[in-house]
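The structure under discussion appears below in the form of structure tokens.
The values are calculated or read from the model by the stated rules, or taken from the named source; none is laboratory data. Everything numeric here is computed off the predicted structure, so don't read it as measured data. Positions of Cβ are generated from backbone atoms using ideal geometry, with glycine treated the same way; all protein chains shown enter the neighbour counts.
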Amino acid sequence: MNRKYRKTIIAGNWKMNKTASETVAFANEIKPLLPKTRACEAVLCVPALNITTAQKALKGCRISVGAQTLHYEKSGAFTGEISADMLDDLGVKYVIIGHSERREYYGETDATVNRKVLAALAAGLTPIVCVGESLDQRMLGVEKELLAYQLMTAISGVSAEDMKRIVIAYEPVWAIGTGKTATSEQAQEVCEHIRACIRKKYDARIARGVSILYGGSMNVKNAAELLKMPDIDGGLIGGASLKPADFAQLIEISAQVENE
Ligand code: PEP
């Protein structure tokens, strides 16, 4: 991480987990465990149905509540969907876009990810754009080309000014929910490559200001090593974000790494 130029972000992705009452119980449990001073930008992306509950329950404890997806249209006949304006109206800032589970199970493509990114930016939201290769793609050694393509498509049509508001999450698909983490060197190599792609499209100033997170079985045991890498500015965390003690510790670890 490089605190001078960019934000450190510890973002949890709860996926389809926790009822409203479990959300309140989580908030009550984590509150006393959080560092007293602001450690990093902490975000919990909860199921859309529980955003308001989470906001109320986490009030005053410096964890902002984010969303896990949105629809790219402003409004209309899209049963079950949520618009960027709806999230903005609730006071949501961060929204995950293009998570590999959305790509795999709900047919999201690089092109729809791009439309969602543009819709989020237009509503004033901060997209956390997920990119990542499958195991097959890594075995074939094409991950860098693939990631450059995913990234460039996702941010197609994004101005330099708006790029400053985007967060990228590098999430190797083979490491999500599998317990297999990329080594810190593997993750650093890719995050550095992502930053180089941003530099090529915009310039060095924009690239050095973009927070790039690592996601894929990050936990309290491996977080410090990953976060010490110069191009890894935080984590997008699934499983470990569901446990109050672990999520609080991840926030604490990021503060410790920053202060080293
Ligand atoms: C994720 O859902 O983005 C993720 C990284 O999950 P996990 O930490 O459980 O691998």
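Scan 94, 105, 72 and give me the residue that is away from the ligand (no atom under 16 Å from the Cβ) and within 30 Å of residue 134 (Cα to Cα).
Values: 94 fails: away from the ligand (no atom under 16 Å from the Cβ); 105 fails: away from the ligand (no atom under 16 Å from the Cβ).
Result of the check over 94, 105, 72: 72.
Restricting attention to strands (runs of 3 or more DSSP E) lying wholly within segment 17-103, give those where 3 or more residues are loosely packed, with under 14 Cβ neighbours inside 10 Å.
Values: elements: 41-45, 63-66, 94-97.
Per the criteria, no element qualifies.
Would a scan of segment 63-85 turn up a residue that is more than 21 Å from residue 9 (Cβ to Cβ), in contact with a helix residue (DSSP H, G or I) (Cβ under 7 Å, 6 or more places away or on another chain), modelled with pLDDT of 95 or more and not basic (Lys, Arg)? So that I can check it myself, show each step before the final result.
Restricting attention to segment 63-85, the residues satisfying the condition of being more than 21 Å from residue 9 (Cβ to Cβ) are 71-83, 85.
Retained after the next criterion (residues that are in contact with a helix residue (DSSP H, G or I) (Cβ under 7 Å, 6 or more places away or on another chain)): 72, 74, 82.
From what's left, modelled with pLDDT of 95 or more: 72, 74, 82.
If we keep only those that are not basic (Lys, Arg) too, we end up with 72, 82.
Yes - at least one qualifying residue is present in segment 63-85.
With respect to the numbered conditions (1) among the hydrophobic types (A, V, I, L, M, F, W, C); (2) over 18 Å from residue 45 (Cα atoms); (3) touching a His at 6+ places or on another chain (Cβ under 6 Å), which one is the sole condition not fulfilled by residue 155?
(3)
Please go through segment 8-25 and pick out each residue that is out of contact with any Cys (no Cβ under 7 Å at 6 or more places or on another chain) and away from the ligand (no atom under 16 Å from the Cβ).
Scanning segment 8-25 gives 19, 20, 21, 22, 23, 24, 25.
Got at least one residue in segment 240-260 being within 15 Å of residue 177 (Cα to Cα), within 13 Å of the ligand (Cβ to nearest atom) and basic (Lys, Arg)? Step through it out loud before you land on a result.
At the first step, the residues of segment 240-260 found to be within 15 Å of residue 177 (Cα to Cα) are 240-243.
Adding the requirement that they be within 13 Å of the ligand (Cβ to nearest atom) leaves 240-243.
Then keep just the ones that are basic (Lys, Arg); that gives 243.
There is at least one residue in segment 240-260 that is within 15 Å of residue 177 (Cα to Cα), within 13 Å of the ligand (Cβ to nearest atom) and basic (Lys, Arg).
Give the residue that is farthest from residue 169 (Cα to Cα), with candidates limited to residues of segment 108-122 that are away from the ligand (no atom under 16 Å from the Cβ) and surrounded by fewer than 21 Cβ atoms within 10 Å (Cβ to Cβ).
Top of the filtered list is 122.
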